Amino acid sequence: MKKENKKLDQLFEKFENQWDVESPESNHEQRFEQKLKSKKSNWKRFVSIGIAASIVLILGLSIFNITPKKTEELQFASKETKQTDSIFTILIEKELEKIKEKKSPENEKIIADALKQMRTLDNDYDKIIKELETNGESKQIIYAMISNLQTRISFLQSVLQHIENKEQKINIADEKTM
C-alpha cells in the first residue's frame, strides 16, 4: 500500500505545474444557461414553420373566400391544429375536384382506384383524430396527422399528373392518326 502511495505521489509531483486549477469566470453559469435557453429544439422550429405556413395559406385562401368545413370535428384540438387541418382539408378537396373534373371513360378505373385509396387514407386519418381526442396533442399524433394530410395531397397530385399524362398520350395518338 505504501508503495502505491509513493507512486501516486511521484505521479502528482511529475505533473505538479501542469494541472488546470483556474476557476471559470463568475458569470459562467449564467452565460451557459442563456446559451441553453437560446437554442430552440427541432420540434419548436417545426411548429413555428408550420404555423407560418398555415398563416400564409389562410391568408391566401381567405382571398378566395373559402371556408373550412372540418373545424367542428376538431373542437378538442388547439387553434394551430385546427387551422392546419382546415388548410389541408381545403387543398385536398380542391385536388379531388380537379380529379373528378377529369372523369372520362378512359380515366374511370384510375379515378375509382384513387377514390378507394383515399377512403383508406381517410379511415387512417379518422383513427388519428380519435387518438388525438383520446390522448390529447402530442408530437407523434400531430406528426401523424400532418403526414397523413400531406400523403393524401401528394397522392391526389400524382393521380392527377398520371391522368394528365394519359390524356396527353391519347391526344398525341389522335394527332398522329389525322
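The values are calculated or read from the model by the stated rules, or taken from the named source; none is laboratory data. None of these values were measured; they are calculated from a predicted model. Note that each Cβ is placed from the backbone with ideal geometry, even for glycine, and that neighbours are counted across all protein chains shown. Areas reflect the complete protein model, heavy atoms only, side chains present, ligands, DNA and RNA absent. Shrake-Rupley method; radii C 1.70, N 1.55, O 1.52, S 1.80 Å.
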| remark: Heavy-atom accessible area of residue 169, protein chains in place, probe 1.4 angstrom, given in Å² to nearest 10, is 150
| request: Output the peptides 103-115, 146-158 sorted from most to least packed, where packing is the average of other Cβ atoms within 10 Å over each peptide's residues. | output: 146-158, 103-115
| field | Full-stretch length increase - residue 168, residue 106 - with 0.36 nm per residue and alpha-carbon distance subtracted | value | 21.1 nm
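I'd like the FRET efficiency for residue 98 and residue 32, computed as 1/(1 + (r/R0)^6) with the beta carbon distance as r and R0 of 45 Å, rounded to 0.05.
Numbers: r = 54 Å, r/R0 = 1.21.
Calculated value: 0.25.
List, in the order given, every pair from 35/82; 98/169; 82/127; 37/139; 37/130 whose Cα-Cα distance in the structure shown is over 27 Å.
On the way: 35/82 33 Å; 98/169 19 Å; 82/127 16 Å; 37/139 20 Å; 37/130 35 Å.
Too far apart for the 27 Å limit: 35/82; 37/130.
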| said: Quick check: pseudo-label points 7 Å beyond the Cα along Cα→Cβ at residue 161 and residue 25, how many nm apart are they? | reply: 5.4
| Given labels modelled 7 Å from the Cα in the Cβ direction, how far is it in nm from residue 122 to residue 79? | 3.1
